[in-house]
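J.: Before I ask anything, let me first share the structure, which is written out below as structure tokens.
The values are calculated or read from the model by the stated rules, or taken from the named source; none is laboratory data. As the structure is a computational prediction, the values presented were derived from the model and not from experiment. Note: ideal-geometry Cβ built from the backbone for every residue, glycine included; neighbour counts use all protein chains shown.
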Amino acid sequence: MATPAPPITADIETAPASRITLDGQIQWGGLLLGPRTPYEIDRQGLTGWEDLPDADTTDADRPTTHGAWPGTQYARPRRITGQVWVLPAPGTDPALALRELRRALALADTQQWLAVRVHGETLAVRARLVQRVLPADRSLVAQGVGRVTVQWLATDPRRYAVEARRLITGPPQPGTGLAWPLTWPLVWGLPTVDGNLTAVDDGSAPAHPVIAFRGPCSQPVVVNHTTGRRLRYLIDLGANDELVVDTADGSVTLNGTASRRHTAAPDSSPEELFTLEPGTNALAFRPRTAAPEATLAVSWRSAEW
């Protein structure tokens, strides 16, 4: 039986949409933009947010006839552009609003959450700021009012649900068997744990889960019966060992430090191809041997194009 765990929550300063309360608000890291802030969104809103990202294809031209053989499509990074009005509140120092904006809209190597709420739905991407244009015109100099053009680049073009999900199960356990004395109808008993999970991606894009195997078990395996893909590792895990597979970046880490990607079995799918498809995914934890204390944990966010 799958056991639902509490939603995954991050630090309030880095969690997606931790400050969003109204439609039309945008949160970039810890900075809130939009209604009831000194930074109003221009009426043109955002471009690139609801658009499909550009895609590369592996189509191959037909050499002896018209057209091409259809291949796979891979989405390119998502570019999001918006115009924001800097409107300091009456009686406040305009320099404070400008300094806060400069600190938030600065170049950085690391990505952070960009979250947008539309009609009660909040989605977020991991992005970096790539452009900030704020003319030092008469309005800015005299009143601190200006229109800044901002552009972000999300290397992963998918937009994610704010709330992460996590499910845990143990290995399959035998049932209780027949009760004595026998009575009709016979009740054969049910397994206390069946090792199965149902992971639902509510979005329109495939989601990459984080898989965590905890021992004691040998050759941990998770199978997605919906896609037919599996992850299997030729490794023994002790009671305090945890093997974490991040299918987004393809890493396989033992106890948070040592890479164990090389332990993947020949019949194991490439980690990056193990996804949760939109809709219901039937997962199964099937280690070769396992103690009842062993677990499989699956964490993910629903993904949208």
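J.: Hey, could you check the range 264-305 for residues that are among the hydroxyl-bearing types (S, T, Y) and outside any loop (DSSP other than H, G, I, E, B) and say which is nearest to T227 (Cα to Cα)? Spell out the reasoning first.
T.: Residues of the range 264-305 among the hydroxyl-bearing types (S, T, Y): 268-269, 275, 280, 289, 295, 299, 302.
If we keep only those that are outside any loop (DSSP other than H, G, I, E, B) as well, we get 280, 289, 295, 299.
Values: T280: 10, T289: 24, T295: 22, S299: 18 Å.
Here the answer is T280.
J.: Looking only at residues that are under 11 Å from N281 (Cα atoms) and polar (S, T, N, Q) in the range 195-243, which one is surrounded by the fewest Cβ atoms within 10 Å (Cβ to Cβ)?
T.: T198
J.: When the residues of the range 64-112 are narrowed to those that are of a type in the set (S, T, Y) and touching a strand residue (DSSP E or B) at 6+ places or on another chain (Cβ under 9 Å), which ends up nearest to G45 (Cα to Cα)? I'd like the intermediate steps shown before the answer.
T.: Just the residues of the range 64-112 that are of a type in the set (S, T, Y), to begin with: 64-65, 72, 74, 81, 92, 110.
Checking the rest, the ones that are also touching a strand residue (DSSP E or B) at 6+ places or on another chain (Cβ under 9 Å) come to 72, 74, 81, 110.
Numbers: T72: 32, Y74: 27, T81: 9, T110: 25 Å.
Only one residue fits best here, namely T81.
J.: Next question. Which residue, of L276, L254, is under 21 Å from the mean Cα position of the chain (by Cα) and surrounded by 13 or more Cβ atoms within 10 Å (Cβ to Cβ)? First the steps, then the outcome.
T.: On the way: L254 fails: under 21 Å from the mean Cα position of the chain (by Cα).
After ruling out the rest, the residue left standing is L276.
J.: Within the range 246-263, how many residues turn out to be more than 24 Å from P206 (Cβ to Cβ), at pLDDT 95 or above and not in a loop (DSSP other than H, G, I, E, B)? Lay out the reasoning, then the answer.
T.: Kept after step one, since they are more than 24 Å from P206 (Cβ to Cβ), are these residues of the range 246-263: 254-260, 262-263.
Remaining after also requiring at pLDDT 95 or above: 254-255, 259-260, 262-263.
Then keep just the ones that are not in a loop (DSSP other than H, G, I, E, B); that gives 254, 259, 262-263.
Matching residues across the range 246-263 total 4.
J.: Here's something else I'd like to know. For the range 96-141, which residues satisfy the criterion of being acidic (D, E) and within 21 Å of P35 (Cα to Cα)?
T.: Filtering the range 96-141 down to residues acidic (D, E) leaves 100, 109, 121, 137.
Of everything in the range 96-141, those that are acidic (D, E) and within 21 Å of P35 (Cα to Cα) turn out to be E100, E121.
Residue-by-condition table, conditions (1) surrounded by fewer than 11 Cβ atoms within 10 Å (Cβ to Cβ); (2) in a loop (DSSP other than H, G, I, E, B); (3) in contact (Cβ under 8 Å) with a residue 60 or more places away in the chain:
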{"position": "E40", "(1), (2), (3)": "no, no, no"}
{"position": "Q44", "(1), (2), (3)": "yes, no, no"}
{"position": "T64", "(1), (2), (3)": "yes, yes, no"}
{"position": "I80", "(1), (2), (3)": "no, no, yes"}
{"position": "W85", "(1), (2), (3)": "no, no, yes"}
{"position": "P88", "(1), (2), (3)": "no, yes, no"}
